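Comments concern the structure below.
The values are calculated or read from the model by the stated rules, or taken from the named source; none is laboratory data. Here the structure is a predicted model, which means the values were calculated and not measured. Please note: Cβ atoms are built from the backbone with ideal geometry, for glycine as well, and neighbour counts cover all protein chains shown.
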């Protein structure tokens, strides 16, 4: 949940946003003028501001500049009527996150608000490097092993430069934390930091998300829209899972790296953009080159500096410090006293191979803390979690009869290169629909239940055309 400040002299606009965003689980503050908005900002620091351009007294642009002086990292979305688009573009060039045109398209506005809140969280969330795990106040990259010392050195050397960075490592090793650490120690630390997950956004939407589009570029493009890369002008873009980026879009990323410019969909004029690129992948890019799935010229442009994150099995000596950190962190989140862990339990943790790396260790500690019921975590608590997860990975769900029958029928009904992805999409539809049903349609809570960001959930809802009132069922093949 975030705190959103609406600055608009139109009472109807303020009331509509307050109702809409409150239903989405956000806390909403309102102001009818720039002066009133600044007064609110001085007493309560919001996570996002929606600012109208036309205001009585202090203008929208004057208010925006004052907002930036108070908090340069505060995301601001400018609102404007059709006749003042150029003013909104000017505000965006000055540092606004984006602009929206009145009248609003509600799904688009909610999606943009989700992106802005996420960007604000990433910019404000400090990533520390191996502080004392007993006093964790921020997210931390922990490890004193030799492989992690090399990671710290690499961050320190590359962060102050403008070099493109490629972060490689298995899933769950902490690639996003390292990307944020590079950003926070860079010369662009007070400028935007936007995360683009190249897998979470459907291929049909990824290009417009990244590069934006001009009015009339395609059916439904009723106005000009800036892409995420333009939103990050002056700052840093983190392209997560770039190894899965569609081949057709790789050429445009290459142009961005080579020429420092982009073109919106439907546009003909190059738009200069000043962004630093940090990319990450768990894929074997070299195999992608051989298979023709990844461009060789982009590969060499990305790997100016490569930071390799070691899997947890290669730094088992870091597990005790990681364990202490997660115990303290999750005990605080669960609002319970930290019960600690027996030495035998810690020994059990260091003898496991951790295929899910640090993310799996964190989940294990959190679950074991719940199962221990306030007592020191014992080996049986650890075994209960690890063995339970292994059962879920290696065997079928509890309702295995129905699910296995469906899977068998589906697999035997037809074949095709895209069949596996199609079946996964059906299962994803069921999971998302059930999460929406459980939360009464609240997308923020449903995203948390699924372990997704709200923008990622929204993109999947749009991709699968999921409606709350529609019951999604596995097809009977």
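Below is a table of values for the structure above.
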quantity: Count of residues meeting criterion [part of a loop (DSSP other than H, G, I, E, B) and either at pLDDT 85 or above or not assigned by TED's automatic domain parsing to the domain that holds residue 325 (or both)] in the range 372-387; calculated: 2
quantity: Candidate set from the range 202-218 (those that are at pLDDT below 85 and part of a helix (DSSP H, G or I)); member that is surrounded by the fewest Cβ atoms within 10 Å (Cβ to Cβ); calculated: 204
quantity: Matching residues, the range 54-63, being closer than 23 Å to residue 233 by Cβ and buried (at least 22 other Cβ atoms within 10 Å of the Cβ); calculated: 60, 63
quantity: Tally of residues being crowded, with 22+ Cβ neighbours inside 10 Å and under 30 Å from the mean Cα position of the chain (by Cα) across the range 28-45; calculated: 2
quantity: Boolean, residue 239 is out of contact with any strand residue (DSSP E or B) (no Cβ under 7 Å at 6 or more places or on another chain) and in the same structural domain as residue 165 (by TED's automatic domain parsing); calculated: no
quantity: Qualifying residue in the range 391-408 (condition: modelled with pLDDT under 90, under 20 Å from residue 173 (Cα atoms) and either exposed (fewer than 13 other Cβ atoms within 10 Å of the Cβ) or in contact with a strand residue (DSSP E or B) (Cβ under 9 Å, 6 or more places away or on another chain) (or both)); calculated: yes
quantity: Strands (runs of 3 or more DSSP E) fully within the range 95-201 counting 2 or more residues that are in contact with a helix residue (DSSP H, G or I) (Cβ under 7 Å, 6 or more places away or on another chain) and more than 27 Å from residue 214 (Cβ to Cβ); calculated: 127-129, 139-141, 165-168
